[in-house]
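Data block below; observations after.
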Amino acid sequence: MKISTKGRYGLRIMTDLAVNGKNSCVSLKDIAEREHLSEKYLEQIINQLSKSGLVKSTRGARGGYHLTKSPDEITVEDILKATEGSLAPVACAEDNGKCENYCDCVTSFIWTEIYKATISVVSSITLSDLAERSSKIENVELECLK
């Protein structure tokens with residue numbers, strides 16, 4: 001399984017919102033500048049995050065985006081599913097053996113175990129964890145510049 005730029009950038013958008021949007025909305029332009037990403041591309045991703053109910057937009061001069069839940073209630077799994085869709089390496093791993101060849105397939109257990117391991121990892125890491133890690137990395141970067 002390979003996570004696309006939509007998934008990776010979705011995590012960066014959400015982390016930025018968790019870090020910078022605690023008490024206010026954050027503009028997509030500001031996120032794009034901080035993350036060095038295309039605002040146009042981020043618009044596509046933020047739409048997916050919005051449709052999944054993870055972010056909400058507010059119009060106006062102080063408008064922008066904000067999280068719909070606390071960062072400790074949003075997991076990496078939530079974000080990746082919103083941006084990537086299924087995280088299963090193959091369809092039969094997620095559909096509980098509905099494939100007509102599932103019982104006879106010597107490799108089916110591999111795909112199921114990969115899927116279980118992936119879900120175990122991404123469901124255990126919250127946006128709060130990423131925000132905390134982000135601030136630690138920022139402090140290390142500042143130390144490196146001295």
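The values are calculated or read from the model by the stated rules, or taken from the named source; none is laboratory data. Predicted, not measured: the structure shown is a model, and the values here were computed from it. Positions of Cβ are backbone-derived with ideal geometry, glycine not excepted, and every protein chain shown enters the neighbour counts. Please note that ligands, DNA and RNA were not included when accessible areas were found on the heavy atoms of the full protein model with its side chains. Shrake-Rupley method; radii C 1.70, N 1.55, O 1.52, S 1.80 Å.
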- request: Among the candidates K146, K136, K51, single out the residue that is at pLDDT 95 or above, of a type outside the set (D, E) and surrounded by fewer than 11 Cβ atoms within 10 Å (Cβ to Cβ).
  value: K51
statement: When (1) modelled with pLDDT under 95; (2) surrounded by fewer than 18 Cβ atoms within 10 Å (Cβ to Cβ) are applied to E43, the one that fails is (1)
message: Condition first: open to solvent by 90 Å² or more (accessible area, probe 1.4 Å) and farther than 22 Å from V121 by Cβ. Now tell me which residues in the range 54-74 satisfy that.
response: K56, R59, A61, R62
- prompt: Within the range 1-116, which helices (runs of 4 or more DSSP H) (wholly inside it) include 3 or more residues that are over 22 Å from L130 (Cβ atoms) and out of contact with any His (no Cβ under 7 Å at 6 or more places or on another chain)?
  reply: 91-94
message: Condition check: touching a Ser or Thr at 6+ places or on another chain (Cβ under 6 Å), of a type outside the set (V, I, T) and in contact (Cβ under 8 Å) with a residue 12 or more places away in the chain. Does K81 satisfy that?
response: no
Pick from the range 12-27, criterion surrounded by 19 or more Cβ atoms within 10 Å (Cβ to Cβ) and aliphatic (A, V, I, L, M), ranking: farthest from the chain's Cα centre (by Cα): V26
field: Residue count, the range 28-40 (criterion: open to solvent by 60 Å² or more (accessible area, probe 1.4 Å) and closer than 23 Å to G85 by Cβ)
entry: 2
message: Six or more apart or on different chains, Cβ atoms under 8 Å: show the pairs whose first residue is in the range 86-105 and without any contact (Cβ under 8 Å) to a residue 24 or more places away in the chain and whose second is surrounded by fewer than 17 Cβ atoms within 10 Å (Cβ to Cβ) and among the β-branched types (V, I, T).
response: A93/I114
message: Name the residue that is farthest from E94 (Cα to Cα), counting only residues in the range 107-120 that are in contact (Cβ under 8 Å) with a residue 12 or more places away in the chain and open to solvent by 50 Å² or more (accessible area, probe 1.4 Å).
response: I114
